[in-house]
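What follows is a set of notes on a single structure, which appears directly below.
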Amino acid sequence: MSESGWRYEDLDVFKRACRLSLDVHRASLDFPRNEQFGGIADQLRRSSKSICALIAEGSARQRSSKTEFQRYLVMAMGSADEARLWCRYAPDLGYLPEAESLAWQEGFQEIARMLQGFIARFD
């Protein structure tokens, strides 16, 4: 437990980001081989996992600096927006059904909104 009385693993935004990241990871393994390393599959996995990692790292830093914690949450929002962008490419390239892409985009957008609300609580 952190000094503030909560653990990042217990945050709804972390749980949601983690679930979506795992969904993205599993599905992107079916993308073409040439997209697995450095391509869109790799970028999607990296950016979606980054959201979770930044929340975790930021929560450790909030013990010493509220501003530093907020900075990490802002970076997590950026990763959510990046993941949303890669989701837009996937159906156009024929790697993902449009409906799944839209669901992922909405999921990443909701995560970004949740992060924004969490940041506002620290102002």
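The values are calculated or read from the model by the stated rules, or taken from the named source; none is laboratory data. This structure is a prediction, so every number in the text was calculated from the model and none was measured. Note: ideal-geometry Cβ built from the backbone for every residue, glycine included; neighbour counts use all protein chains shown. Note: areas computed on protein heavy atoms with side chains; ligands, DNA, RNA excluded. Shrake-Rupley method; radii C 1.70, N 1.55, O 1.52, S 1.80 Å.
With every protein chain present, what accessible area does residue 89 have (1.4 Å probe, heavy atoms only), rounded to the nearest 10 Å²?
Residue 89 exposes around 110 Å² with every protein chain in place.
I'd like the accessible area for residue 98, computed on protein heavy atoms only with a 1.4 Å probe and all protein chains in place. Round to 10 Å², please.
Roll a 1.4 Å probe over it and residue 98 shows about 100 Å².
Report residue 68's accessible area, 1.4 Å probe, all protein chains in place, as a number in Å² to the nearest 10.
Accessible area, nearest 10 Å²: 50 Å².
Using each residue's phi in the range 16-30, evaluate 6.51 cos²θ - 1.76 cosθ + 1.60 at θ = phi - 60° and report the 3J(HN,Hα) Karplus result to the nearest Hz, with x for Gly and Pro.
3J(HN,Hα) across the range 16-30, in whole Hz: 5, 5, 5, 4, 5, 4, 5, 4, 4, 4, 4, 5, 6, 5, 8.
Suppose all protein chains stay in the model; what accessible area per residue would a 1.4 Å probe give for the range 18-123, in Å²?
On a per-residue basis, the range 18-123 sits at 53 Å².
Calculate I(q)/I(0) for the range 19-123 by the Debye formula, one identical point scatterer on each C-alpha and no solvent, and give its log10 at q = 0.12, 0.14, 0.21, 0.24 Å⁻¹ to two decimals.
-0.41, -0.54, -0.98, -1.18
Order 100-107, 71-78, 26-33 from most to least packed using the mean count of other Cβ atoms within 10 Å. Don't skip to the answer; put the middle values down first.
Numbers: 100-107: 17.1, 71-78: 19.5, 26-33: 13.6.
Taking the mean over residues of other Cβ atoms within 10 Å, the ranking is 71-78, 100-107, 26-33.
What number does the range 1-67 give for Rg over Rh if you use C-alpha atoms and the Kirkwood radius?
1.12
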